Amino acid sequence: MNATLPTAEALRDALAELLAEQPPTQTAQAVERLIANYRGTTPTDAPVLRDRSDVAAYAAYRMPATFEAVRSALAALRAAAPEWSPATHTDIGGGTGSASWAVAEAWEEDAPRTTVLDWAEPALALGRELAVASGVPALLAAEWRRARISDALRMASTDLVTVSYVLKELTPKDRAAVVIEAARAAQAVVIVEPGTPDGYARVIEARDRLIAAGLTVAAPCPHSDACPIEPGSDWCHFAARVSRSSLHRQVKGGSLPYEDEKFSYVAAVRFPATPAPARVTRKPQIRKGLVLLELCTQPGELRRETVTKRQGPLYKAARDAEWGDAWPPDASDG
């Protein structure tokens, strides 16, 4: 495989090769079983991914979406701290390596040394195979290590920690301990969960722990104050567009060439960062001659901003703004 391919495309190619190994119907059945498991409560000592069939199904079903969600979170972190570049990266509960692919793309020219920690050896084994298939140097050099993701987790100091779609699998005790350990070990922590009310609640819980450990929020929040959303009234989440291959569509039973992955996240750091002045928290509403933006702003407030045609370049920027974007746009972009 051509190592110069963007890692998003390399991932799709590697997954296509993987899915070709078994009939789509077999993978689809495994996907249904995994969905049922993930919607339940999974004890920390019982990995959901039991064997290669499960792992292949998971990779087909979840890797492209997880990759795009983490990619979006990393883009927001990089926008807040454009001069920072991690030399080392630890992916907690990384499984087949979705977040590690996103990290390899985010710092493509100088990607960090990655260590993937997971309790499921079949997931680690497949992650290694996909890394080899990618031809991406940073993935080829990654270390895949079996570790129990629990309150017993201890890891070496590292620049960046990612924890993506993992916290739901943990007991409350282990969830708290893993976040605290990540905060202790890392200069930057990025946590991504599903964009559901309970996923958002886990992110807010983790955010509070990161702040208590001395980190500050770089994204998506424009501040490190308490979240202004009244508990139970709403939840903060975003969307990432995910391209589907034909085999991916077969496995997921869909006809569209894309899907939108809803996710919640927090990126917190121990070094200087400049959060966005405000963040677009809902899809902008474009009306005749105006755009309505729902914003989270400093210092921890929610407000609606109306941008009219009279505002010229700002109005054009508002029409182009997407859910999750920083606001206002950088003057150099306008």
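Restricting attention to the stretch 83-141, which residues are within 21 Å of Ala16 (Cβ to Cβ) and aromatic (Phe, Trp, Tyr)?
Within the stretch 83-141, just Trp101 meets the criteria.
Here's a check for you: in the stretch 196-211, which residue that is open to solvent by less than 10 Å² (accessible area, probe 1.4 Å) and within 16 Å of Pro228 (Cβ to Cβ) is farthest from the chain's Cα centre (by Cα)?
Once the filter is applied, the top-ranked residue is Arg207.
Go through the residues of the stretch 145-156 one by one and say whether even a single one is open to solvent by 30 Å² or more (accessible area, probe 1.4 Å), over 26 Å from Ala213 (Cβ atoms) and not aromatic (Phe, Trp, Tyr).
Yes, that holds for at least one residue.
Could you tell me which of the residues Val192, Val217, Val269, Val242 is closer than 23 Å to His89 by Cβ, surrounded by 15 or more Cβ atoms within 10 Å (Cβ to Cβ), modelled with pLDDT under 95 and out of contact with any Lys or Arg (no Cβ under 6 Å at 6 or more places or on another chain)?
Every option except Val242 fails the conditions.
Here's a check for you: in the stretch 245-264, which residue that is open to solvent by 70 Å² or more (accessible area, probe 1.4 Å) and assigned to a strand (DSSP E or B) is modelled with the lowest pLDDT?
Tyr258
If you scan the stretch 119-141, which residues turn out to be in contact with a Gly (Cβ under 9 Å, 6 or more places away or on another chain) and either open to solvent by 10 Å² or more (accessible area, probe 1.4 Å) or more than 26 Å from Asp151 (Cα to Cα) (or both)?
Trp119, Arg128, Leu130, Ala131, Leu139 - these are the residues of the stretch 119-141 that are in contact with a Gly (Cβ under 9 Å, 6 or more places away or on another chain) and either open to solvent by 10 Å² or more (accessible area, probe 1.4 Å) or more than 26 Å from Asp151 (Cα to Cα) (or both).
Please identify the pairs in which a residue from the stretch 190-210 that is within 17 Å of Glu68 (Cβ to Cβ) has its Cβ atom under 7 Å from the Cβ atom of a residue that is in a helix (DSSP H, G or I) and of a type in the set (Asp, Glu), counting only partners at least 6 apart or on another chain.
Going by the 7 Å Cβ cut-off, there are no qualifying pairs.
Name every residue in the stretch 157-179 that is of a type in the set (A, V, I, L, M) and surrounded by fewer than 17 Cβ atoms within 10 Å (Cβ to Cβ), in order of residue number.
Ala176
Residue by residue through the stretch 301-327, note down the ones that are closer than 19 Å to Pro275 by Cα, open to solvent by 70 Å² or more (accessible area, probe 1.4 Å) and either under 25 Å from the mean Cα position of the chain (by Cα) or among the hydroxyl-bearing types (Ser, Thr, Tyr) (or both).
Across the stretch 301-327, the qualifying residues are Glu301, Leu302, Glu322.
Return the pairs, sorted by first residue and then second, in which the second residue is acidic (Asp, Glu), the first residue lies in the stretch 265-281 and is part of a loop (DSSP other than H, G, I, E, B), the beta carbons are less than 7 Å apart, and the residues are 6+ apart or on different chains.
Once the first residue is part of a loop (DSSP other than H, G, I, E, B) and sits in the stretch 265-281, its partners that are acidic (Asp, Glu) give Thr281/Glu294.
Between a first residue in the stretch 287-301 that is farther than 26 Å from Ala218 by Cα and a second residue that is of a type outside the set (S, T, N, Q) and open to solvent by less than 10 Å² (accessible area, probe 1.4 Å), which pairs have beta carbons less than 6 Å apart while being 6 or more apart in sequence or on different chains?
Val291/Val307; Val291/Ala318
Of the conditions (1) touching a residue at least 24 places away in the same chain (Cβ under 8 Å); (2) over 11 Å from Ile92 (Cα atoms), Pro172 fails just one. Which one is it?
The one condition Pro172 does not meet is (1).
So which residues in the stretch 268-288 are over 30 Å from Asp159 (Cα atoms) and in contact with a strand residue (DSSP E or B) (Cβ under 6 Å, 6 or more places away or on another chain)?
Arg282, Pro284, Gln285
Please verify whether Ala183 is out of contact with any Pro (no Cβ under 8 Å at 6 or more places or on another chain) and among the aliphatic types (A, V, I, L, M), treating the condition exactly as stated.
yes
The values are calculated or read from the model by the stated rules, or taken from the named source; none is laboratory data. Model, not experiment: these values are computed from the prediction. A quick note on method: Cβ atoms are made from the backbone with ideal geometry, for glycine too, and the neighbour counts reach across all protein chains shown. Accessible surface areas use protein heavy atoms only, side chains included; no ligands, DNA or RNA. Shrake-Rupley method; radii C 1.70, N 1.55, O 1.52, S 1.80 Å.
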